[in-house]
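The values are calculated or read from the model by the stated rules, or taken from the named source; none is laboratory data. In this text the structure is predicted, and so the values were computed from the model without any measurement. Heads up, the Cβs are rebuilt from the backbone with ideal geometry, glycines too, and the neighbour counts pull from every protein chain shown. Note: accessible area is taken over every heavy atom of the protein model, side chains too, but ligands, DNA and RNA are not part of it. Shrake-Rupley method; radii C 1.70, N 1.55, O 1.52, S 1.80 Å.
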Amino acid sequence: MRPRTETFARLLLALTLGYIGLLALLATAAPLVAPVDPLVQDLSARFAPPGSDGYLLGSDDLGRDVLSRILYGARSALLVGLVAVGIALLIGLLVGLTAGLLEGAVDSTLMLLMDAVLSFPTVLLAITVVTVFGYGLLQVMAAIGAIFSPLFARIIRAETMSLKQEPYVMSARALGTPLARILALHIVPNMLPKIVVQCTVTFALAIVIEASLSFLGLGAQPPQPSWGLMLRSARNYLFDAPWLALFPGLAIGLTVFSFNLLGDLLNELLQIRH
């Protein structure tokens, strides 16, 4: 059963990476592949249904092309995920490595701070941070990165405390190898699989939170293309123009599902390998 399970997991992994790669390519090339400027309004073409001439996925209440706005909205979603995960990983590395190496009072203090952040509901804390520091994608990225940094810190701390007891690490320390070299060659590379899995899960959560904050009017601001903003605008036309909510909702659902599935598959493949 193991070879068959691994083969199926690799097939799913290829399909998932294919979707994520295609989405990233379309988002990057949005100015080239989008039919029109996502901000251009045509009031004479309001609520054009999907398949109409010039509107593959229809138009919104201001006559803007839904497909173009979804493609540009993907740029915002992926950018928020990338930057937020980068911030969370950077903070998590600094805190986790410091706590794992020094232990004692330093470890207890740092982990107490991380646990304090984790004790707050994620979305509520994000709303609080964005409300204090202002609305916009920059504030959203910083807030999400700071909120999820404790997850990385705890994983990295646990891995550091385990790996530093390995014979090859203890031998390197006994030989006088600089700490920075030990971290770069022995500790950090061996915890990368778990970090990568956490990155994919956090990426998905970042997209959901960004869309939620934009829906509430705390993230991306009009007329900037954003999946959350598109859902916010569509809520008034669910019966008259259901495609306004359907397509951005599908974009969010498929993207979040793909990143969550990617994390599960990577974790499963790593367990099979070991």
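Just a few scattered comments:
- Residues that are open to solvent by 10 Å² or more (accessible area, probe 1.4 Å) and outside any helix (DSSP H, G or I), drawn from the range 199-224: Leu216, Gly217, Leu218, Gln221, Pro222, Pro223, Gln224
- Number of positions in the range 225-242 that are in a helix (DSSP H, G or I) and under 18 Å from the mean Cα position of the chain (by Cα): 3
- Just one of the listed residues (Arg75, Arg46) is among the charged types (D, E, K, R), under 24 Å from Gly249 (Cβ atoms), touching a Pro at 6+ places or on another chain (Cβ under 9 Å) and at pLDDT below 95, namely Arg75.
- Among the residues of the range 54-102, the one identified as surrounded by fewer than 19 Cβ atoms within 10 Å (Cβ to Cβ), touching a strand residue (DSSP E or B) at 6+ places or on another chain (Cβ under 9 Å) and of a type in the set (A, V, I, L, M, F, W, C) is Leu56.
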